[in-house]
Amino acid sequence: MQSKELHYDSDAVAFLEELWGEGFLSPGGPAEVARLLEGVDLAGKTVVDIGCGTGGITVSLVRDYDAGKVIGLDVEAPVCEVSRKRVEEAGLADRIEIRQVEPGPIPLADGSVDIVFSKDSIVHIPDKETLTKDAFRVLKPGGMFVASDWLISHDGEPSPEMAHYIAEEDLGFGMASPNRYRNALEAAGFIDISMKNRNPWYREIAKEELARLERIDRAKFETVITPSDLVSQIATWRAMVVVLDSGEHCPHHFRATKPLS
Ligand SMILES: C[S@@+](CC[C@H](N)C(=O)[O-])C[C@H]1O[C@@H](n2cnc3c(N)ncnc32)[C@H](O)[C@@H]1O
């Protein structure tokens, strides 16, 4: 399902956290998490966070949203280590467990969680049909799958611009279309499926990020990664802005509910 190559090593983490904030390996910070979770009541709930990264959001689910228990899953050892440290420093080790897992089924019992949450991580899991079935399996009746992910707008071959961007990212992306996600969620048995296209938001933010990398904060980024790595990140962001502008790269929020019976 996914190679063993580390995509989020310490250099990548340092770069992304400089760009997106400490504990965040995806854009938008706390405000975007709040938009993703708007109207979702996490109080006292058991949540699994698929692809918890360095744990900023995982900690926030308990600290800011009062989740009862969060299980953060990630495949990469270094980010799990950073996450565990963050959890301990926050004094939340009794409510948050970070588990390093192999790519594959969610290692939780059937009907054991209230919320399956994920922020910009399931782009790394190409088989959306198996993933959504598995999310359905681990949810209690009435539970919700709430996620943000990076999508491609259609089911055909990526355009040359999109193929170039995906190659530049080199992060083992397995992007799917909104249509494919919706079909997978329906086939898994979910109801009340909603999808929100975040392209209009991120296409503007990504331009600001590019300006920071190229000019505004360039000197700062050069202290975080090597100048040649920065040049390559700038090339990735330039490629990304093109496919955000065309709409082919379309991050989405989605929600779906497991029926009560
Ligand atoms: C873009 S980061 C997002 C991390 C975090 N959710 C955030 O927003 O800060 C993606 C994360 O997904 C993890 N990941 C990749 N494949 C995974 C899989 N099959 N299961 C769980 N996590 C995975 C990566 O190791 C990485 O930490």
Query raised in the report: Of (1) touching a residue at least 24 places away in the same chain (Cβ under 8 Å); (2) loosely packed, with under 15 Cβ neighbours inside 10 Å, Asn197 satisfies all except one. Which?
Result: (2)
Report task. May I ask you to verify whether Ser177 is among the hydroxyl-bearing types (Ser, Thr, Tyr) and open to solvent by less than 50 Å² (accessible area, probe 1.4 Å)? Result -> yes
Query raised in the report: For Pro200, are the conditions met, namely being touching a Gly at 6+ places or on another chain (Cβ under 8 Å) and either closer than 22 Å to Leu131 by Cα or assigned to a helix (DSSP H, G or I) (or both)?
Result: no
Report task. With respect to Arg215, determine if the residue is out of contact with any Lys or Arg (no Cβ under 9 Å at 6 or more places or on another chain), assigned to a helix (DSSP H, G or I) and open to solvent by 50 Å² or more (accessible area, probe 1.4 Å). Result -> yes
Query raised in the report: Yes or no: Ala188 surrounded by 17 or more Cβ atoms within 10 Å (Cβ to Cβ) and small (Gly, Ala, Ser)?
Result: yes
Query - Residue identified as among the β-branched types (Val, Ile, Thr), at pLDDT 95 or above, open to solvent by 20 Å² or more (accessible area, probe 1.4 Å) and under 20 Å from Leu171 (Cα atoms) among Val224, Val243 - result: Val224
Query raised in the report: Gly91: small (Gly, Ala, Ser) and under 14 Å from the mean Cα position of the chain (by Cα), yes or no?
Result: no
Report task. Restrict the check to segment 119-127 and report whether at least one residue is within 13 Å of the ligand (Cβ to nearest atom), within 19 Å of the chain's Cα centre (by Cα) and over 25 Å from Glu17 (Cβ atoms). Result -> yes
Report task. Given the conditions (1) assigned to a loop (DSSP other than H, G, I, E, B); (2) under 18 Å from Ala12 (Cβ atoms), report the number of the one that Asp229 does not fulfil. Result -> (1)
Requested in this report: Considering only segment 1-100, give the strands (runs of 3 or more DSSP E) lying wholly within it that have at least 3 residues that are over 30 Å from Lys220 (Cα atoms), touching a residue at least 60 places away in the same chain (Cβ under 8 Å) and within 13 Å of the ligand (Cβ to nearest atom).
Outcome: 46-50
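The values are calculated or read from the model by the stated rules, or taken from the named source; none is laboratory data. Just so it is clear, the structure is predicted and the values come from calculations on it, not from any experiment. Note that each Cβ is placed from the backbone with ideal geometry, even for glycine, and that neighbours are counted across all protein chains shown. We work out accessible area using only protein heavy atoms, side chains counted, and drop any ligands, DNA or RNA first. Shrake-Rupley method; radii C 1.70, N 1.55, O 1.52, S 1.80 Å.
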